[in-house]
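Some notes on the structure that comes next.
The values are calculated or read from the model by the stated rules, or taken from the named source; none is laboratory data. Since the model is a prediction, treat every value here as computed from it, not as a measurement. For neighbour counting, all protein chains shown are included, and Cβ atoms are generated from backbone atoms with ideal geometry for every residue, glycine included. Accessible surface is based on the protein model in full, side chains and every heavy atom, while ligands, DNA and RNA are left aside. Shrake-Rupley method; radii C 1.70, N 1.55, O 1.52, S 1.80 Å.
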Amino acid sequence: MDFRFGGSTINGVATPGEFGWSRLYIANGEFHFDTGLNTALALPAEETERRWEATNPEWPINQAVLHGATRDQFIARHKANHFQVAHTPDAESADHARPPRSDRARRRRRRDLGDQ
């Protein structure tokens, strides 16, 4: 999708279940890439509406549990609260949906996020 006018107004709630995520970003003038596994939750409609109104209701919402990092760690690292997702029927499929990474890169990510 091309956002040549500065954004989009795709609205919706993420499907509950397991998903793989990825984020490509620039830090210190270099490209970096992170990936992980998360779980999207089904919350009551009232809570979803409250969260939408507290952020941007024109954007989609994924009410996820982050595995391996807290919300604050994720936002501090990426300076953003969004990522690309691949929804899958289970955690094993989500792991296979993620792009491959080297063991070295995985160890560095765990160290950087304070995850042992």
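Does Asn62 fit the bill of being surrounded by 14 or more Cβ atoms within 10 Å (Cβ to Cβ) and either touching a residue at least 60 places away in the same chain (Cβ under 8 Å) or out of contact with any helix residue (DSSP H, G or I) (no Cβ under 7 Å at 6 or more places or on another chain) (or both)? The answer is yes for Asn62.
If you take the residues of region 36-80 that are among the aromatic types (Phe, Trp, Tyr) and in a helix (DSSP H, G or I), which of them is nearest to the chain's Cα centre (by Cα)? Selected residue: Phe74. Go over the candidates Glu49, Glu30, Glu92 one by one and state the one that is acidic (Asp, Glu), within 11 Å of Gly20 (Cα to Cα) and either open to solvent by 70 Å² or more (accessible area, probe 1.4 Å) or modelled with pLDDT of 85 or more (or both). Checking each option against the conditions leaves just Glu92. Glu46 meets the stated requirement of being among the charged types (D, E, K, R) and over 23 Å from Pro89 (Cβ atoms).
For first residues located in region 78-90 and more than 12 Å from Leu37 (Cβ to Cβ) and free of Cβ contacts under 8 Å to residues at least 60 places away in the same chain, partners that are aliphatic (A, V, I, L, M) and open to solvent by 80 Å² or more (accessible area, probe 1.4 Å) and lie 6+ apart or on another chain with Cβ distances below 9 Å do not occur. Restricting the first member to region 17-39 and to residues that are within 12 Å of Ala64 (Cβ to Cβ), and the second to residues that are β-branched (Val, Ile, Thr) and open to solvent by 10 Å² or more (accessible area, probe 1.4 Å), the beta-carbon pairs closer than 6 Å and six or more apart or on different chains are Glu18/Thr39; Glu18/Thr88; Phe19/Val85; Trp21/Val85; Thr39/Val65.
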